[in-house]
Amino acid sequence: MLLLEKNVKLIIMNRDNDGKDLSNLNKKVVDLLTKSFGGTTVSSTYGTWSDNKQTYQDPNKTVQCNYHHLSEQNMKDLYKAIQLEFNEGRQEAVSLLINDKLAIIEKTDTQQDVFNFINIFK
C-alpha cells in the first residue's frame, strides 16, 4: 500500500481573459505535474468571483497531486506550472492549494514567496 496523505491543487483556466482556448497549455501543465509527482487527478470545476460589484464566472480545471513528501523538485515544478499560467495563459493570478490552504499567487510574487507558502503547509 502506498499512502499519500497530502495534496497540492492548482486551479487552471480553460480560457484566457480574451476567451482563447488553453487546452494545449493545460496539457503542458498536467504533463509537467504528472511527471513530477508520478500522477495527477484532473477535475472540471467552475469558479465565480466578484470584483467592483461585477460577478465573473469561469469554467476551469483543478489539477491535484498527492504526495507523502514534497521534494524541492516538486516545488520547482509547481512554480514552473504557475509561471506557464502567467506567461502562456496570460493569467493575472493562479490559485494554489496546499493541503486545502489557499494562496492566490500573483505575477509579482517571487519563487521564494511561493516556496515560503508551500513550506508552511506542506
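Brief remarks follow.
- Computed from the Kirkwood radius of its Cα pairs, the Stokes-Einstein diffusion coefficient for the range 1-61 at 10 °C and 1.306 mPa s stands at 118 µm²/s.
- Surrounding net charge for THR40, when Lys and Arg each add one and Asp and Glu each subtract one, Cβ distance under 13 Å: +3
- Span from the the range 40-58 Cα centroid across to the the range 1-33 one, whole angstrom: 14
- Whole-Å semi-axes of the chain's equivalent ellipsoid (Cα gyration tensor): 23, 16, 14
- The 1.4 Å probe gives accessible areas that order ILE98, ILE104, largest first, as ILE104, ILE98.
- Spin-label model, ASN7/LYS20: points 7 Å from Cα along the beta carbon direction are separated by 3.1 nm.
- Only Lys, Arg, Asp and Glu carry charge here, each on its Cβ (+1 for the first two, -1 for the last two); on that basis the chain has a dipole of about 240 debye about its Cα centre.
- Nearby lysines by direct alpha-carbon distance to LYS101 (threshold 27 angstrom, same-chain neighbours under 8 apart not counted): LYS6, LYS9, LYS27, LYS28, LYS35, LYS53, LYS61, LYS76, LYS80, LYS122
- Pairs of Cα atoms nearer than 8 Å and 6+ residues apart set the relative contact order; for the chain it is 31 percent.
- Annotation: per residue accessible area for the range 6-97 equals 56 Å², rounded to a whole number [probe 1.4 Å, protein chains only].
- Estimated distance in nm for a label pair at LYS35 and GLU72, the labels positioned 7 Å out from Cα along Cα-to-Cβ: 2.0
- Taking a Cβ cut-off of under 15 Å around VAL29, the surrounding Lys, Arg, Asp and Glu residues balance to a net charge of +3, with basic ones at +1 and acidic ones at -1.
The values are calculated or read from the model by the stated rules, or taken from the named source; none is laboratory data. On a predicted model such as this, the values are computed, not experimentally measured, just so you know. Neighbour counts are summed over all protein chains in view; Cβ atoms, including those assigned to glycine, are modelled from backbone coordinates with ideal geometry. Side chains are part of the model used for accessible areas, which takes the heavy atoms of the whole protein and leaves out ligands, DNA and RNA. Shrake-Rupley method; radii C 1.70, N 1.55, O 1.52, S 1.80 Å.
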